[in-house]
1. Mind pulling the angle between the C-alpha long axis of helix 17-27 and the longest principal axis of the chain? Nearest 10 degrees, somewhere in 0 to 90.
2. Projecting each Cα onto the charge dipole of the chain (Lys/Arg +1, Asp/Glu -1 at the beta carbon, about the Cα centre), which of 31, 102, 214 comes out farthest on the positive side?
3. Given charges of +1 on the Cβ of Lys and Arg and -1 on the Cβ of Asp and Glu, with all other atoms neutral, how large is the dipole of the stretch 79-190 about its Cα centre, in debye to the nearest 20?
4. Roughly how big is the chain's charge dipole about its Cα centre, with Cβ charges of +1 (Lys, Arg) and -1 (Asp, Glu), in debye to the nearest 20?
5. Calculate the length of the line joining the C-alpha centroid of the stretch 103-164 to that of the stretch 1-68, in whole Å.
6. For the stretch 73-162, run through the chymotrypsin sites (Phe, Trp or Tyr not before Pro) and keep only the ones in DSSP coil with at most 13 other Cβ atoms within 10 Å of their Cβ.
7. Could you name the lysines in cross-link range of residue 16, using Cα to Cα under 19 Å and dropping any fewer than eight places away on the same chain?
8. Sort 36, 206, 139 so that the residue with the fewest other Cβ atoms within 10 Å of its own Cβ comes first and the one with the most comes last.
Amino acid sequence: MSSLLSEIIRWAKSLKYWEQATLDKILAGEAFTDETYRELYQYLLEDEGLIDKSQKERSGLRFSDETKIPEEAAVQPLRLSKIYNLRNVNALAPGQTLIFGPQLTAIFGGNASGKSGYARVFGCAGFTRGDKKVLPNVTDESGVSVQPAADIEICADDGSRNISYVVGDACADFSFCHVFDSSSVHVHLAKSNEFSFSPAGLENLTRLAEDTDVVRKLLRNRIAEL
């Protein structure tokens, strides 16, 4: 196991159980679902003394034994498979699906036909230095209260997985995607870009911050309700 990951694990052992459990699931490569966040939220409430602890014994943490964590934990090749079920994104027609081949996929159309609308969703979900401003469909008044969203399918060696992405939310599962468009070309070639390097394993710390923020948001929402 890399020394950086070992340092993260040693540091994490000083955290509360619900935060340790979050990192444990990240290192195990588990897919985070609504049920996962509800489980972690329950641990948070118990750790903070906001509810009585459950009689059910808590699961042991796998990273307690560092030798059982593989060098490349939770890292596997991913491929974009398709995007579909877009809701309130620009003026894109509902019911459309874009399927991406394993090598090269060409998408063409006239001006204002919606090509950039799809690219902006990807840029917002992943990473881009280009245009990622996703606008709602201003021509449809029925969607005023609908947050722009889309379903994105990604493929890995162990099968496909769907990401229900809401525009504006952090999307750790899609962080592998870097989007380059005509705007980002200008940024990369004509503006100064600081070189940066992130050692392997550091992405787990980023995921920990993002996923624990989701759990804390559940608590803030509950406080607001009360």
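Derivation of every value follows stated rules applied to the coordinates shown; laboratory data play no part. Here the structure is a predicted model, which is why all the values come from computation and not from measurement. Here Cβ is always computed from backbone atoms with ideal geometry, including for glycine, and neighbour counts include all displayed protein chains.
1. Between helix and principal axis, roughly 50 degrees.
2. Of the candidates, 102 comes out farthest on the positive side.
3. 260 debye
4. With Lys and Arg at +1 and Asp and Glu at -1, about 500 debye.
5. Distance between centres, Cα-based: 32 Å.
6. Working: sites: 84, 100, 108, 118, 122, 127; in loops: 100, 108.
Passing both the DSSP loop test and the Cβ count: 108.
7. 25, 53, 56, 217
8. 139, 206, 36
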